[in-house]
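Participant: If you scroll down you'll find the structure; I have some questions about it.
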Amino acid sequence: MSLISGVQLVRRADGSVAQLHALGMLKDGGRWLAYGEIKTGGSRFGGICCYATEDFVHWRDLGCALPAGEPGGMTSPERIVERPRVLRCPANGLYVMYLHVDGEGDYRYAHVGTAVSERPEGPFRPLSTMRFGMNASRDIFAFQDQDGSGYLVSEDRDQGTHIYRLSRDYLSLVEDLVCLRGQDGHFGYESPILLHRGDWYYWFGSQLTGWDCNDNMVSVSRDLRGPWSPWKPVAPLGTQTYQSQCDAIVPLSEDPAMPCLYIGDRWRPDHLGESPLVTLPILINDGCVRLLWREQWNPEKGWR
């Protein structure tokens, strides 16, 4: 088993930086697929790429899963389109990609975008955008529970962060299960993650500090509808989540004593396309969470 570095700047075969920014993960047989924002042109939409890995050290470029589209459309290169997340719908076998879709130069549009494909690596076909009622939607996370039900976690600056239940075909938001504000009670948390491990659900999020890192937080519950515990820091206070913003948490083993893989962005605002990944062991067991700093670590031997 290859050692995983605590911080890695993944490169393609030609030496250029792999565009694995704000990535979403999907298990596909014996491999994991990563969907990342292409940031080589800055903060505007450059497309969504897809990479495959079995060990989170070696990554294969599978090409562009969703290219930038025509001006004025959902995937216009002038838009802000972020946080790609993909689920496979059990009802029809289609792969559905969810995106935070915003306006051309501002964050007033605040919708969820959808795209579909028959193959997990794409290409994905853009469908439409949506909101639940009048609720704004910015950073998102797509979650599939053990019974196949789909959910979307969505940050709404005015109300908090929501967990919505998806329709049977995964293309509509049909119920607002719960909405939480952050620890200070003013806003919800962005870059959300939802994980089910053992008897507990774990809800992770980043505070709203723009490109600057902060102490990411976690809340836990035995039921998606709550009650949810008070928010607590994921890593020691002041470490700013080891200079990262959470993207994904990957279970590497069903053994609760073994760590999961935490993946976060270490943003470089002046060079977004060269922002590295922070890939660290995170202990998640019986309602408790602890993110550990390691220069390198062996996932087969836990965090050592």
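The values are calculated or read from the model by the stated rules, or taken from the named source; none is laboratory data. Remember, it's a predicted structure, so these values are computed and weren't measured experimentally. As a convention, Cβ positions derive from the backbone with ideal geometry for all residues, glycine included, and neighbour counts pool all protein chains shown. Just so you know, the surface numbers come from the protein's heavy atoms only, side chains and all, with ligands and any DNA or RNA stripped out. Shrake-Rupley method; radii C 1.70, N 1.55, O 1.52, S 1.80 Å.
Participant: (1) in a loop (DSSP other than H, G, I, E, B); (2) closer than 29 Å to Arg12 by Cβ; (3) open to solvent by less than 30 Å² (accessible area, probe 1.4 Å); (4) not aliphatic (A, V, I, L, M): which one isn't true of Gly226, the others all being true?
Facilitator: (2)
Participant: Only one of (1) farther than 21 Å from Gly24 by Cα; (2) in contact with a helix residue (DSSP H, G or I) (Cβ under 8 Å, 6 or more places away or on another chain); (3) charged (D, E, K, R) is not met by Arg266, so which one is it?
Facilitator: Of everything listed in (1) farther than 21 Å from Gly24 by Cα; (2) in contact with a helix residue (DSSP H, G or I) (Cβ under 8 Å, 6 or more places away or on another chain); (3) charged (D, E, K, R), Arg266 misses just condition (1).
Participant: So, in region 1-51, exactly how many residues are farther than 21 Å from Tyr107 by Cβ and assigned to a loop (DSSP other than H, G, I, E, B)?
Facilitator: Matching residues across region 1-51 total 17.
Participant: Given the residues Asp158, Asp106, which is the only one that is open to solvent by 60 Å² or more (accessible area, probe 1.4 Å) and not in a strand (DSSP E or B)?
Facilitator: Residue meeting the stated conditions: Asp158.
Participant: Of the conditions (1) open to solvent by 20 Å² or more (accessible area, probe 1.4 Å); (2) of a type in the set (Lys, Arg); (3) closer than 19 Å to Glu190 by Cβ; (4) modelled with pLDDT of 95 or more, Lys39 fails just one. Which one is it?
Facilitator: For Lys39, the exception is condition (1).
Participant: Which of the residues spanning region 250-282 are under 16 Å from Ala34 (Cα atoms) and open to solvent by 40 Å² or more (accessible area, probe 1.4 Å)?
Facilitator: Answer for region 250-282, where residues must be under 16 Å from Ala34 (Cα atoms) and open to solvent by 40 Å² or more (accessible area, probe 1.4 Å): Pro251, Leu252.
Participant: Now, a different point. What number of residues in region 35-45 are free of Cβ contacts under 8 Å to residues at least 60 places away in the same chain and closer than 26 Å to Ser253 by Cβ?
Facilitator: 1
Participant: Here's a follow-up. Could you please let me know if Tyr95 is aromatic (Phe, Trp, Tyr), open to solvent by 20 Å² or more (accessible area, probe 1.4 Å) and more than 26 Å from Arg222 (Cβ to Cβ)?
Facilitator: Yes, satisfied.
Participant: What do you reckon, is Asp169 out of contact with any Leu (no Cβ under 6 Å at 6 or more places or on another chain) and either assigned to a strand (DSSP E or B) or touching a residue at least 24 places away in the same chain (Cβ under 8 Å) (or both)?
Facilitator: yes
Participant: Only one residue in Leu9, Leu62 is open to solvent by 50 Å² or more (accessible area, probe 1.4 Å), at pLDDT 95 or above and under 17 Å from Pro123 (Cα atoms). Which one?
Facilitator: Leu62
Participant: Looking only at region 65-92, count every residue that is touching a residue at least 60 places away in the same chain (Cβ under 8 Å), touching an Asp or Glu at 6+ places or on another chain (Cβ under 9 Å) and crowded, with 19+ Cβ neighbours inside 10 Å and tell me the total.
Facilitator: First, pick out the residues of region 65-92 that are touching a residue at least 60 places away in the same chain (Cβ under 8 Å): 66, 82-89, 91-92.
Still in the running and touching an Asp or Glu at 6+ places or on another chain (Cβ under 9 Å): 82-84, 88-89, 91-92.
Next cut, crowded, with 19+ Cβ neighbours inside 10 Å only: 82-84, 89.
Of the residues in region 65-92, 4 are touching a residue at least 60 places away in the same chain (Cβ under 8 Å), touching an Asp or Glu at 6+ places or on another chain (Cβ under 9 Å) and crowded, with 19+ Cβ neighbours inside 10 Å.
Participant: Of everything in region 181-192 that's surrounded by 18 or more Cβ atoms within 10 Å (Cβ to Cβ) and in contact (Cβ under 8 Å) with a residue 40 or more places away in the chain, which residue is nearest to Glu254 (Cα to Cα)?
Facilitator: In this case the residue turns out to be Pro192.
Participant: Then there's this: For Val178, all conditions in the list (1) in a loop (DSSP other than H, G, I, E, B); (2) more than 20 Å from Pro84 (Cβ to Cβ); (3) open to solvent by less than 30 Å² (accessible area, probe 1.4 Å) hold save one; what is the number of the exception?
Facilitator: Of (1) in a loop (DSSP other than H, G, I, E, B); (2) more than 20 Å from Pro84 (Cβ to Cβ); (3) open to solvent by less than 30 Å² (accessible area, probe 1.4 Å), only one is false for Val178: (1).
Participant: Now a separate question. Looking at Leu195, Leu127, can you tell me which residue is open to solvent by 10 Å² or more (accessible area, probe 1.4 Å), in a strand (DSSP E or B) and under 28 Å from Gly287 (Cβ atoms)?
Facilitator: Within the list Leu195, Leu127, the selection yields Leu195.
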